[in-house]
Amino acid sequence: MNNGKLAIYGGPKIRKKPLPYRKLFDEEELENVKRVFKDSWREGVDFGYQGKYEKLYTDKFCDFQGGGFADAVSSGTAAVYLALKAFDIEPGNDVIVSPVTNPGSVTPAVIQGMNIVIADSAPDSFNIGPDEFEKALTSDTRAAILTHLGGQPIDIEPIIEIAKSRGIKVIEDCSQAHGALYKGERVGRFGDIAASSTMFSKTLATGGCGGLVYMQNEDYYWLIRSLADRGKHFRLPDFDFRDTGQCLFPALNFNLDELSCAIGLSILSRLQSIIDKRLEITAKIDTSLEASSVVFPCRSRDDCKPSPFFHTVGVAVDKLKVSKKEFAKAVAAEGIWINPHYSQLVSEWKWLHKYVKNGLKTPNARRFRDRTFNLLFNEKFSDGEVEDIISSVVKVESFFKKDR
């Protein structure tokens, strides 16, 4: 009898077998990959890139988004890089970035010689807010890279209004928010260009790595196509890819291959059902957290429908005898997938400091991070997994609560 001894101190775990892995790439994806090979054999042409499956994939993605244009590229970082290139911003100008994001959303601006300006998040959120965006503006601001973090849409409409009034270009980083809705529209439809990662862990994935550039402006689309493939002049009526003298400008190669696009095409066919299942799981977690007096849901905005990438929950730290991080690590030790202390605060990246123009204080983002942790899950979780998550929270809470 362990008398409730925590797993972190040697007691038995609540979750005694591993949580179910996602197995996103299943028989359907394998069959689509086989089709690429079989088409190649039948047609007598080795598959490469920018072929049949990329067109099917990007067309289907644009249908999912409600129209527009898309180019499949090698990574989410490449997608951000290309979007900035399309804006033709001079080195030395300022780019606003979200306070909490991945380096792939920031470094494309750094390596193009732009200054980084970190905006704070809205209170009780990881996402940038309109007031915080406006406070971050400088006379040299030319663009903003705004991340819909964890699948939660930014309150983006008022930010777009401010940006348009100043002639500032906006990139929506949708890497963790494929299919999320803001006021009934898919994220990615509000800014000038949307950039997304489609690497293996993302809700929409194309294999090991990948990315998408999405836009509603056709001129941007053709420019992105050229920027992503060595400056090729795809819009030229008699374009011949063998004639390199037709290239428009020096550019790199960021193409995604046909096999990856075939995988993405297959995942897209069930993307909405994946999102719906994740929403169902997070709703059950939130309902179950009513049993806890320490851990509570971080609710979405009423005008949004998230596409959960992870699930952030709050902690009443004043009710605990340990820190939030220690509490979360104890829950993780019970066999639950948790990120106990999100490290993606841009202001904390010492390697970036010399590229940051404004101060490094983002108090709203830091305060929210310091009293939350992220539950990691996937659409394969059943009610049994949800029960184990909640049981672990309650067990650890009963051990560390001040009034215990």
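Here is how the numbers come out for the structure above:
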| quantity | calculated |
| --- | --- |
| Pick from segment 266-289, criterion buried (at least 16 other Cβ atoms within 10 Å of the Cβ) and among the polar types (S, T, N, Q), ranking: nearest to Lys34 (Cα to Cα) | Ser266 |
| Scan of segment 181-205 for residues that are among the aromatic types (Phe, Trp, Tyr) and closer than 19 Å to Phe69 by Cα, ordered by number | Phe190 |
| Some residue of segment 232-248 being closer than 27 Å to Asn115 by Cα and of a type outside the set (Val, Ile, Thr) | no |
| Qualifying position, being at negative phi, in a helix (DSSP H, G or I), in contact (Cβ under 8 Å) with a residue 40 or more places away in the chain and touching a Phe, Trp or Tyr at 6+ places or on another chain (Cβ under 8 Å), among Phe47, Phe61 | Phe61 |
| Test for Phe61: is it aromatic (Phe, Trp, Tyr) and under 17 Å from the mean Cα position of the chain (by Cα) | yes |
| From the options Glu31, Glu54, residue that is among the acidic types (Asp, Glu) and loosely packed, with under 15 Cβ neighbours inside 10 Å | Glu31 |
| Residue check, Leu236 surrounded by fewer than 24 Cβ atoms within 10 Å (Cβ to Cβ), assigned by TED's automatic domain parsing to the domain that holds Cys62 and either aliphatic (A, V, I, L, M) or in a loop (DSSP other than H, G, I, E, B) (or both) | yes |
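The values are calculated or read from the model by the stated rules, or taken from the named source; none is laboratory data. Predicted, not measured: the structure shown is a model, and the values here were computed from it. No Cβ is skipped: glycine too gets one built from the backbone with ideal geometry, and neighbour counts run over all protein chains shown.
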